[in-house]
Each structure stands twice: as C-alpha cells, then as structure tokens.
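Single-structure report; data block below.
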Amino acid sequence: INRARRPTPRPRGAAHERHRSPRRARRSPPRSRPAAHSQGLPKAGPRAAHWVKQAPYYGLAPEIQHQEGEKAQRRGQPPPEGARRAFALEGRAHGRHPAREQHPPERPEPDRGPARRDARVAGEVVHVVAVQVALMLLLLLSVAAAGEEPVTLAYRSTDTLARTTGTRISAEGRYAWLDSDKWHAYAKDLYGPNNNATIRDMDVIDRALLPPDLQEAPRGCPKSDDEPFKRFNWHAPFTRYRYFRRRTARDPAPPAFRNDSKVEVSHCGGSKFEANGAFFYAFRGTGLYVDIGRSLAFETHDDASRYLLGKPCAPGKPPDMKLGIYQCDAELPLIINAAKSQGWDSLQFTRHCDAFCTGPSPEALQRARAQGRDPWTFTSMSDALSGADPRSQLCGFEVVLTRVAGTDACPVGLEFFRGWGGHERCACDATRLRSQRGRCAACATT
C-alpha cells in the first residue's frame, strides 16, 4: 500500500521563524482594522474576512467595535480649528445595534458679531427715545404747574406741644387737670357717639370742662401750653370758650384745607368790613362746620394782594408792621371781589398773626385810659413788641367765604353742619355765644 509521506515536523520557537517561507510571512494579516471596514463598506472577499478576524478587538461586542471604529476615524480626521460638536442620530451601523447619539463631523461657530452690533444699536435708540419722552413729560408738567394757583404755605404740624423749642409744658404733665370720664361725655355731646376726638385735637373748649381753679382763667398767657387761657381777640367767642396756645408767630404756618372740605370754625357778627365776605376762624372744638368749596390759600393778606391785585398792601400801623401783621383793610374788599370773579368760593389765610394772649396789668390799664387808648390793644402787644415774650403773639387761621356777607352771626343763605367731620346739617343759633364785637354762631341744640 502506497502510503502518503508525512511532512517532517518543523521545530517551534525561534527556529520556527527561520523555517517560515518568506512569501507566507508577507501574507500575514495586518494588526490594524481596515479603513473600509471601519467606514461600514462591504468586505473585499474571503481574504479580507480573514484579516478582520485578526483585528485587535476581535470578539468584542458590536457596540464596542463601533466605538473603536469611530475613534480610528476621528484620529484620521482632526476637527477644524474653532469648531464645535453637533449631535445627530445614526442607527444600525456595525452589528445592527440600536440607534444612538453620535458625533458627526464638527461645524464652525457662526459669526454673531452683526447680531450683537444690531442689539447694541437698538438699545441706544431705545435710550434716546426714553430720554426724549422724559423731557417732554417734564415740559408738560412745568406748563401745568405754571397754570396752577400758587399756595404760599409751609406744610408742617401745628401742635405746639410737639415742639421742643420755646414750648413751656406744665411740670405736672400734659393735661394733668383733665378728667377722662368727663372728657368722653363732653366729646360725645359735642360730636356724637362716633368720634375720635382727643384733647390735643382741640383749639377751644367749653370752660365747663375745666376744674374750678381753671374755669376763670386769668387774662393773660398761660403758664404752660397744656392749660387754656381766656381771650383770643376781638372777633372770637369770649364768654364760654377757653383757648389753647397752638400757633404763635414763632411757629410755621399749618397746611391748607383741600377743596370742598368741611372745616370746623367760629364766626361772630358785628364787623362792618364783612359786607362782601364772611370771615371765620378755623378753630377745632367748636362743633360748627362750613363747606369751603373751591378754595385758594395764602399765608397772609399781603400774599393775596400781590397775587390777585398785582401789588402789595399799603403800609399799616407801625406796631403791626414791626410784628409782621398785614391787615390790608383797604385792599381786602378788592381781594374778595377779585377771588369771587375768578370762581373761588373761599380764601384761606393760614398765618394771620394779629392775636395776643398777654393780659393788661392794672398799671397798664391806668396808663391806657390816661392816654385815651384802648386797654387791650395797647397792652396786649407790649410783651411781643418788647421781646419779653415773643410767643405771646398768636396766629389765627382765617377762612373767608366770598359769596355770603358776614355782618350777622348767622350769615343768610349759608349752611352749617355738625357731628364729627360735619356729617349732618344743623340750624344756626346766635344766642349762646358772644365776642367783644357781637354775637357768635353755634349749632342749635336739639
């Protein structure tokens, strides 16, 4: 039997390499993955398949094979300078793995310079337009302000008890003489059950509220501002009312009342200069209210003359001029007529300082009578003129109604009100109160 001759076995190791055929050595598979396979191209025949099996990641999962191929591709294609990555979906490549997010070739960053320049220009345009609109609004406001009526007022509190300069407070405390139960009954009778009145809100009170030692207050300034005194001036009620020192010539003017406000007042008849207008004092505590309608406010009579007549008041008596008192007796009728013709229902004078709390001494009364002068007029101004007591000069808040005459205590055709804030009408009674000039108005009791 002819047997096939077996080839002689070749030695292994280093000797084995020497016996290998040079041609077979050149046919050894490469150690790197072909580019065609990494790009998903079809394999080129059985020999290429043999090469793939010899790849360094042979036998790995399809996902890992795909990742290795992507790494090789990126090494062969470096990203352009300034590029950024953009994600896309690429599925079922190499081993039919599910779709996943991949990194396709990178794209350059778009030029945003023109957009930024356009935004900057738009912002500058908006700023310029806003400035122009603001200037136009300021111009309109200035024109409107020029057409408004001037108000020569100092807006500040009128409570002298709240001041520290020049205020004399009783050593026994504020209103230590006041009986709280008696006060509540008094306020309820004056304003009704629904009121928030306190003694500090009052400019005047009925002497019946005071203790016996204060009911007959001396004719003179009080020892402390929480104690009442007896007389304000010729035109204020004198018989039953007692007054608190709230505003002096050393204090700033109070704020004016708004249009159509109901103001608590006192009014006394007997003055001839009230033929074309009714003069009231704004006194809190009278329980008598009037509606001021459309109102124009000034500090002094001279301010009103300068505005409505276009000229200052003529000089008055030397003592008045020294203390800054502008009576303007000759100009007041013209001022009232001018205000009425312009549609004003009332005028307010927030700083008319012609009242004095100083009382005459017996010696002063004797000198006044010897000289034929009025005792009160001559002596009440003496402490203010000499500087001995500047706070003896008191300031009244005048309200002048331009459409009614004030010669009578109860002006004809004028409505009066009562209650807290003047919420109900009342009839005028001229029999209960008097001043040194004549009878005064009060709400009739029901």
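The values are calculated or read from the model by the stated rules, or taken from the named source; none is laboratory data. Computed from a predicted structure; not experimentally measured. Note that each Cβ is placed from the backbone with ideal geometry, even for glycine, and that neighbours are counted across all protein chains shown. The area values use the complete protein model at the heavy-atom level, side chains included, leaving out ligands, DNA and RNA. Shrake-Rupley method; radii C 1.70, N 1.55, O 1.52, S 1.80 Å.
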Query raised in the report: If you take the residues in region 256-277 that are more than 18 Å from Thr350 (Cβ to Cβ) and not in a loop (DSSP other than H, G, I, E, B), which one is most open to solvent (accessible area, probe 1.4 Å)?
Result: Lys272
Query raised in the report: Out of Tyr281, Tyr241, which single residue is in contact with a His (Cβ under 8 Å, 6 or more places away or on another chain), at negative phi and of a type outside the set (Lys, Arg)?
Result: Tyr281
Query raised in the report: How many residues are open to solvent by 50 Å² or more (accessible area, probe 1.4 Å), of a type in the set (A, V, I, L, M, F, W, C) and modelled with pLDDT of 95 or more when one looks only at region 325-376?
Result: 1
**Report entry** Residue among Ala185, Ala208, Ala253, Ala176 that is more than 21 Å from Ala388 (Cα to Cα), open to solvent by 50 Å² or more (accessible area, probe 1.4 Å), among the hydrophobic types (A, V, I, L, M, F, W, C) and modelled with pLDDT under 90
**Finding:** Ala176
Query raised in the report: Filter region 432-446 for residues that are in a loop (DSSP other than H, G, I, E, B) and open to solvent by 100 Å² or more (accessible area, probe 1.4 Å); which is modelled with the lowest pLDDT?
Result: Thr446
Report summary line: When every residue in region 221-250 that is touching a strand residue (DSSP E or B) at 6+ places or on another chain (Cβ under 8 Å), basic (Lys, Arg) and closer than 24 Å to Cys443 by Cβ is compared, the one surrounded by the fewest Cβ atoms within 10 Å (Cβ to Cβ) is Arg240
Report summary line: Filtering region 313-332 for residues that are in a loop (DSSP other than H, G, I, E, B), touching a residue at least 40 places away in the same chain (Cβ under 8 Å) and not hydrophobic (A, V, I, L, M, F, W, C) leaves a count of 2
Requested in this report: Quick one: count up the residues across region 195-226 that are charged (D, E, K, R) and without any contact (Cβ under 8 Å) to a residue 60 or more places away in the chain.
Outcome: 6
Report summary line: In region 187-218, anything over 24 Å from Trp420 (Cα atoms) and touching a helix residue (DSSP H, G or I) at 6+ places or on another chain (Cβ under 9 Å) is listed as Leu214, Gln215, Glu216, Ala217
Query - Residues that are closer than 23 Å to Met381 by Cα and not in a loop (DSSP other than H, G, I, E, B), drawn from region 333-359 - result: Phe349, Thr350, Arg351, His352, Cys353, Asp354, Ala355, Phe356
Query - Matching residues in region 397-414 - criterion: being over 17 Å from Asn259 (Cβ atoms) and in contact with a helix residue (DSSP H, G or I) (Cβ under 6 Å, 6 or more places away or on another chain) - result: Gly406, Thr407
